Amino acid sequence: MPNYQLVYYNRRGRAELCRLIFHAAGVPFEDIRLDYTKGEWPGEWKAKAPFGQVPFLIVDGKMLAQTKAVARYLAREFNLAGKTSWDQARADMFIDEFDDISTEVYKFASEKDEAKKAEMSEKFYNETLPRHIGYLENLLKENNGGNGYLVGDSLTWAGLGIANAYDLLGGTDAPFENFPLLAGLIKRVRAHPKVAEWINARPQTPF
Amino acid sequence: MPTYKLVYFNVRGLAEHSRLIFAVAGVPYEDFRIERDQWPNEYKEQCPFGQLPFLEVDGKVLAQSKAIARYLAREFKLTGKCSWEQGLTDMIVDEFSDILSEMRFYWYESDPEKKAALNEKFNTETLPKHLGYLENILKQNGGGEGFIVGDSLTWADLAVANSNDWLRLVCPNPFDNFPLLTGLIKRVRETPQVAEWIAKRPDTPR
């Protein structure tokens, strides 16, 4: 078994999907959380980071960067990427869509003007997000009626991706109220024993 | 051989990487292009997320430009020789997406003064920082006179070469201070299948 180190801050943020993949697969790893207020980042770690950023992965001394590249590598290694080439592409497609949603969230989350922030947040939750979720609900339905998995007939990192997006979107069922298939999928994934165990045990951070 | 149809606007944009992958692989496909002023049309219903591009393979549909490009690269053996190399190619392609995201702040800014300032920042700080990391990664791969990952052409090299076309929309001579990347772009563009495609593809502003 290779030696894995995942380097990020002490938050869920852009590393949580990778952590979920490790835990769902039952693979041990060093969950390095750097405190930038104490100078732990950049510190000596920035020089190791291929693009000078976190998160990045160290596998037996070799570095891999970019959140999704890391997550996909781990998913592939632990048989969570999809069973066929087409399924892998479909999983990639869903992950990219979640990323598009996350990007929208980060836009208003980082907005300093409070009034503008409220406006952006309102638009996101009332218009943008329901539109994205509507598409996802349809695509889930296309997969054998939607009471199983997003892709194929087994858990993939795409399922973990949407279960992770749940936390980013406030950690409540509210955004998924009108989308029963997705709500059901998220519940099922978060109830997966190893996923549930990690969600309960992980450090509690605001984001 | 499956039947491939790539549906996008009549621009290089987010589909060009996939078109380059088809070209290098020598695999025929229908390069379906929709003019902007005819969008949305009946094809929108086929789009998994309501957006272009999408790829149709024997009637099944795939969305998201990078998922499409990666699928094609994998099918045509352009993703690297092992799982780790695949990861490295993904990492490099994602870095270009980050650069594009930063470029979009400038691209979509309507206030002329703010726009000029964003353009300046992108060209003099943001872009060189990213390209510097990429130049270094290329150098670490056996000195940088070959390919950016492993020892053969991958979709990551095509991403580098393709970026020259869209970066020049906002930054004159983006690779001037990066000799290894410049060399790689030249080598890729001179690859016969790539050269042939560049010569015959529709000439569009972007």
Problem - Index of the failed condition, A:Asn147 passing every other in (1) in contact (Cβ under 8 Å) with a residue 24 or more places away in the chain; (2) surrounded by fewer than 18 Cβ atoms within 10 Å (Cβ to Cβ); (3) within 14 Å of chain B (Cβ to nearest Cβ); (4) farther than 24 Å from A:Tyr73 by Cα - result: (3)
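Could you please let me know if A:Phe207 is among the aromatic types (Phe, Trp, Tyr) and surrounded by fewer than 16 Cβ atoms within 10 Å (Cβ to Cβ)? Talk me through it step by step, then tell me what you get.
Working: among the aromatic types (Phe, Trp, Tyr): yes; surrounded by fewer than 16 Cβ atoms within 10 Å (Cβ to Cβ): yes.
Against the criterion (among the aromatic types (Phe, Trp, Tyr) and surrounded by fewer than 16 Cβ atoms within 10 Å (Cβ to Cβ)), A:Phe207 qualifies.
For every residue, the table says whether it meets (1) among the polar types (S, T, N, Q); (2) under 17 Å from the mean Cα position of the chain (by Cα); (3) surrounded by 17 or more Cβ atoms within 10 Å (Cβ to Cβ).
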site	(1), (2), (3)
A:Arg19	no, yes, yes
A:Gly39	no, no, no
A:Pro42	no, no, no
A:Pro50	no, no, yes
A:Tyr73	no, yes, yes
Problem - The one condition in (1) assigned to a helix (DSSP H, G or I); (2) crowded, with 22+ Cβ neighbours inside 10 Å; (3) of a type in the set (Gly, Ala, Ser) that A:Ala81 fails to fulfil - result: (1)
Handout entry: Pick from segment B:61-85, criterion open to solvent by 40 Å² or more (accessible area, probe 1.4 Å) and within 8 Å of chain A (Cβ to nearest Cβ), ranking: farthest from B:Pro28 (Cα to Cα)
Key = B:Arg74
Completion exercise
Sole miss for B:Pro28 among (1) part of a helix (DSSP H, G or I); (2) surrounded by fewer than 15 Cβ atoms within 10 Å (Cβ to Cβ); (3) in contact with a Phe, Trp or Tyr (Cβ under 8 Å, 6 or more places away or on another chain) is condition (1)
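Restricting the search to segment A:62-78, which residues are more than 10 Å from every other protein chain (Cβ to nearest Cβ) and assigned to a loop (DSSP other than H, G, I, E, B)? Working first, answer last.
Kept after step one, since they are more than 10 Å from every other protein chain (Cβ to nearest Cβ), are these residues of segment A:62-78: A:75, A:78.
Passing the criteria: only A:Phe78.
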Problem - Cross-chain or 6+ apart pairs with Cβ under 6 Å, segment A:153-180 first and within 20 Å of A:Arg72 (Cα to Cα), then outside any helix (DSSP H, G or I) - result: A:Thr156/A:Leu80; A:Thr156/A:Gly82; A:Trp157/A:Leu80; A:Ala158/A:Leu150; A:Ala158/A:Val151; A:Gly159/A:Tyr149; A:Gly159/A:Leu150
Practice task
Could you tell me which residue of segment A:84-109 is most open to solvent (accessible area, probe 1.4 Å), considering only residues that are more than 16 Å from the chain's Cα centre (by Cα) and more than 12 Å from chain B (Cβ to nearest Cβ)?
Solution key: A:Ala109
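Quickly run through segment B:3-24 and pick out the residues that are open to solvent by 40 Å² or more (accessible area, probe 1.4 Å) and either at pLDDT below 95 or within 21 Å of B:Ile198 (Cα to Cα) (or both). Full working, then the answer.
Keep residues of segment B:3-24 that are open to solvent by 40 Å² or more (accessible area, probe 1.4 Å), which gives B:3, B:10, B:14.
Matches in segment B:3-24: B:Asn10, B:Leu14.
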Exercise for the section: Output the helices (runs of 4 or more DSSP H) that fall wholly within segment B:104-206 and possess 3 or more residues being without any contact (Cβ under 8 Å) to a residue 12 or more places away in the chain, or say none. Expected result: B:112-121, B:127-140, B:179-190, B:192-200
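What are the residues in segment A:152-180 that are on the phi > 0 side of the Ramachandran plot and either crowded, with 24+ Cβ neighbours inside 10 Å or at pLDDT 95 or above (or both), if any? Don't jump to the end; show me each part of the working.
In the first step, residues of segment A:152-180 are kept if they are on the phi > 0 side of the Ramachandran plot; the result is A:152, A:170-171.
Hit for segment A:152-180 is A:Gly152, nothing else.
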Practice task
Give the number of residues within segment A:43-62 that are within 14 Å of B:Gly132 (Cα to Cα) and either at pLDDT 95 or above or of a type outside the set (A, V, I, L, M, F, W, C) (or both).
Solution key: 5
Practice task
Considering only segment B:47-60, state which residues are at the interface with another protein chain (Cβ under 8 Å from one of its Cβ atoms) and more than 17 Å from B:Arg19 (Cβ to Cβ).
Solution key: B:Pro48, B:Phe49, B:Gly50, B:Lys60
Practice task
Please verify whether segment A:37-48 includes one or more residues that are facing chain B (nearest Cβ under 9 Å) and either among the aromatic types (Phe, Trp, Tyr) or touching a Cys at 6+ places or on another chain (Cβ under 6 Å) (or both).
Solution key: no
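The values are calculated or read from the model by the stated rules, or taken from the named source; none is laboratory data. Computed from a predicted structure; not experimentally measured. Backbone-built Cβ (ideal geometry, glycine too); neighbour counts: all protein chains shown. With ligands, DNA and RNA removed, areas are computed over all heavy atoms of the protein, side chains included. Shrake-Rupley method; radii C 1.70, N 1.55, O 1.52, S 1.80 Å.
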